[in-house]
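Okay, structure first, notes after.
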Amino acid sequence: MTSHSHFHENLDDGPPRKSLARVLALIVGLIAVAVAVGIAVLWPDSSNVSKDQNPYSGQGVHIVTATVKSVTPYDCGSGGEGPDGLPMVKGDCGKVVALTKTET
């Protein structure tokens, strides 16, 4: 194992670079303005956002009659809110096996 020592002289960092600070502040400001403009331009129109309380009422989704054959509980880490922002039951989840009359 080899070791060695370091020696550092007190180097003068020079005067504060006010122009550099101004340039960096300008860059950060421009980025902030670009983000604000991007949010304003890309924000969805409220008429295009679904406000239905039933997450199963989407196009192509329908409710079928079925008989539950088994339920296997498992921890899904539910915190009380679904991925679409709608409230969901807080707690464990379950895998449900059900049989429909049409076998689908």
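Read-outs throughout are calculated quantities, based only on the coordinates presented, and are distinct from any laboratory measurement. In this text the structure is predicted, and so the values were computed from the model without any measurement. Methodologically, a virtual Cβ is constructed for each residue, glycine included, from the backbone with ideal geometry; neighbour enumeration extends over all protein chains shown.
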How about the range 16-45: which trypsin sites (Lys or Arg not before Pro) there are in a DSSP loop, with at most 16 other Cβ atoms within 10 Å of their Cβ?
Arg17
Describe numerically, in nm with one decimal, the distance between label points set 7 Å from Cα along Cα→Cβ at Lys18 and at Val96.
7.0
